[in-house]
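Heads up, the thing below is written out as structure tokens.
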Amino acid sequence: MPNWSNWSGKLKARPQSLYHLRSEEDAQAIVSMAANKKQCIRVAGATHSHAPLVVNDDLIIDPQALSGIVSTDKKAQTATVWAGTRIYALGKPLQDAGLALFNQGDIDQQAIAGATATGTHGTGTTLKNLSSTVIGTRFVLANGEIVNCSASNNADLWEASRLHLGAFGIVTQLTLQLRPAYRLKENASVAPLEKILGELDHNTLNNRHYEFFWHPQSDEASTKAINETDEPPQYPLAEEGSRCAWNHEVLPNYRPHKHTEMEYSLPSSEGPACMRAIQRLLTTKFRDVRWPVEYRTMAADDVWLSTGYQRQTVTISVHQDVRVDEEPYYRACEEIFLAFGGRPHWGKVHYLGEQQLNSCHDKWQHWWQARDLVDPEGIFLNKFLKGLRP
Ligand SMILES: Cc1cc2nc3c(=O)[nH]c(=O)nc-3n(C[C@H](O)[C@H](O)[C@H](O)COP(=O)(O)OP(=O)(O)OC[C@H]3O[C@@H](n4cnc5c(N)ncnc54)[C@H](O)[C@@H]3O)c2cc1C
């Protein structure tokens, strides 16, 4: 049996088969075969999730070969892309077509279908997560059919599946809402955390992107402000913190150190108080934690299971070395996040069960009903997701 593990190496699986998908026809055939054998299918993106979304005993599918841009429409500012395309592979071709993603996360290694599956986001009070840019999806469903969905075609399926958790079928293509290509300039600084919190409203409102990393065991935090610019790109790209170049060159960072991560989204008004509560926890009970705490913002959206659903959001992330047992620290953080109305990131560590997730998400039941309609036998549900089914 093959070995599978996620990016951090913390999650492992020994599926009966690890299948490299080559085409949509191949996807249809593998789904029919799995359905006949009553096997469960999980599709992997770039395996960067810390939640056990892909872990599976039966079949793990790697659709890396479904990669590249299918078409772009400069007038409509959209592109249709193959689901396995890594975000880093979208940047330059989209720029050459005069287009760009509105925003992206801290790294660009994820597959686009993996990133949209979990509501991956960057920072910026006016910027929504990647799932909210999905205006069309092409699926191979559990019955082997290929179905396109969008706001005007199979709208119920599209609406539920913009944030899909890999639970609706195999995504083969996505159509994304984009914007004209743009350049960004980054400015980094270091300041005391209290000063940063005091200036937070001003800085989050007056920069397109603003975030900070507080370094426990010190009073200081590193900030990053990024804004649109007409200045020409500067190559070779400067160090992280002072780059000036195209959006896809400035936004992603290099994060080689293997870690786990818990992240919660909070109503934006609760962000500073929650940050202070996490700071107190680290300075009183978890003084040996060295990994930074990250603070970002995100615009409200209308995506059913999004952590930004109908509310302006602050996200706070805690990290720990992958070799360390993170659970006591993360459980203590989770208690604080929940007390501030937090919703867990779908791709990161959390310990919530079905009832708690139901109370975090207004559309929880609706999402499951829409999912069960296209996969009544649950062939796209692994043990982890079955455990969350209402
Ligand atoms: C170093 C690091 C930095 C990160 N930075 C950020 C960040 O800045 N912001 C943020 O929000 N998150 C961040 N994350 C989390 C990450 O973006 C999410 O976990 C994301 O879902 C990972 O994408 P992936 O391509 O690796 O997908 P995977 O983790 O492999 O899979 C995620 C989900 O997508 C499904 N899936 C993937 N492809 C398909 C397909 N073709 N069809 C059906 N289902 C599919 C899987 O089944 C699974 O449910 C980071 C993670 C790491 C490790």
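Working only within the stretch 186-215, note down all residues that are over 16 Å from G122 (Cβ atoms), in contact with a strand residue (DSSP E or B) (Cβ under 7 Å, 6 or more places away or on another chain) and surrounded by 18 or more Cβ atoms within 10 Å (Cβ to Cβ).
L193, I196, W214
Based on what the data block shows, is A44 within 11 Å of the ligand (Cβ to nearest atom) and either small (G, A, S) or at pLDDT below 95 (or both)? Break it down into steps so the answer makes sense when it comes.
Numbers: within 11 Å of the ligand (Cβ to nearest atom): yes; either small (G, A, S) or at pLDDT below 95 (or both): yes.
Criteria met by A44.
So is I60 within 27 Å of W367 (Cα to Cα) and not in a helix (DSSP H, G or I) or not? Outline the logic, then answer.
Numbers: within 27 Å of W367 (Cα to Cα): yes; not in a helix (DSSP H, G or I): yes.
Answer is yes for this residue.
Restricting the first residue to the stretch 146-174 and requiring it to be closer than 19 Å to H345 by Cβ, which pairs with a second residue that is in a strand (DSSP E or B) and more than 10 Å from the ligand (Cβ to nearest atom) meet a Cβ separation below 6 Å and a spacing of at least six or different chains?
R162/V134
Given the stretch 287-377, what helices (runs of 4 or more DSSP H) lie entirely inside it while holding 3 or more residues that are outside the structural domain of T123 (by TED's automatic domain parsing) and within 16 Å of the ligand (Cβ to nearest atom)? Reasoning before the result, please.
Numbers: elements: 327-339, 354-360, 364-374.
Helices (runs of 4 or more DSSP H) meeting the threshold: 364-374.
Based on this model, can you work out whether L66 counts as near the ligand (Cβ under 10 Å from one of its atoms), in contact (Cβ under 8 Å) with a residue 40 or more places away in the chain and among the hydrophobic types (A, V, I, L, M, F, W, C)? Walk me through how you get there before you give the answer.
Numbers: near the ligand (Cβ under 10 Å from one of its atoms): yes; in contact (Cβ under 8 Å) with a residue 40 or more places away in the chain: yes; among the hydrophobic types (A, V, I, L, M, F, W, C): yes.
Considered against the rule, which asks whether it is near the ligand (Cβ under 10 Å from one of its atoms), in contact (Cβ under 8 Å) with a residue 40 or more places away in the chain and among the hydrophobic types (A, V, I, L, M, F, W, C), L66 comes out as yes.
Return the pairs, sorted by first residue and then second, in which the second residue is within 6 Å of the ligand (Cβ to nearest atom) and not in a strand (DSSP E or B), the first residue lies in the stretch 35-47 and is under 17 Å from K386 (Cβ atoms), the beta carbons are less than 8 Å apart, and the residues are 6+ apart or on different chains.
Between residues of the stretch 35-47 that are under 17 Å from K386 (Cβ atoms) and residues that are within 6 Å of the ligand (Cβ to nearest atom) and not in a strand (DSSP E or B), the close pairs are R42/L53; R42/V54; R42/G166; V43/V54; V43/P63; V43/A113; V43/G166.
State the number of residues belonging to the stretch 105-140 that are closer than 17 Å to G347 by Cα and near the ligand (Cβ under 9 Å from one of its atoms). Full working, then the answer.
Taking the stretch 105-140 as the starting set, the residues that turn out to be closer than 17 Å to G347 by Cα are 105-123, 128-132.
From what is left, the residues that are near the ligand (Cβ under 9 Å from one of its atoms) are 105-107, 109-123, 129-130.
Adding up the residues that qualify gives 20.
Take D108 and tell me if it is out of contact with any Lys or Arg (no Cβ under 8 Å at 6 or more places or on another chain) and modelled with pLDDT of 95 or more. Break it down stepwise before answering.
Details: out of contact with any Lys or Arg (no Cβ under 8 Å at 6 or more places or on another chain): no; modelled with pLDDT of 95 or more: yes.
The answer is no for D108.
List every residue pair whose Cβ atoms lie under 9 Å apart, where the two residues are 6 or more positions apart in sequence or sit on different chains, the first residue falls within the stretch 270-293 and is modelled with pLDDT of 95 or more, and the second residue, located anywhere, is of a type in the set (S, T, N, Q) and part of a helix (DSSP H, G or I).
G271/T204; V293/Q279
Out of all the residues in the stretch 200-249, which are in contact with a helix residue (DSSP H, G or I) (Cβ under 8 Å, 6 or more places away or on another chain), in a helix (DSSP H, G or I) and over 20 Å from R276 (Cβ atoms)?
N247, H248, E249
The values are calculated or read from the model by the stated rules, or taken from the named source; none is laboratory data. This one's a predicted model, so the numbers in the text were calculated from it and none came from an experiment. All Cβ positions, even for glycine, are placed from backbone atoms using ideal geometry, and neighbour counts span all protein chains on display.
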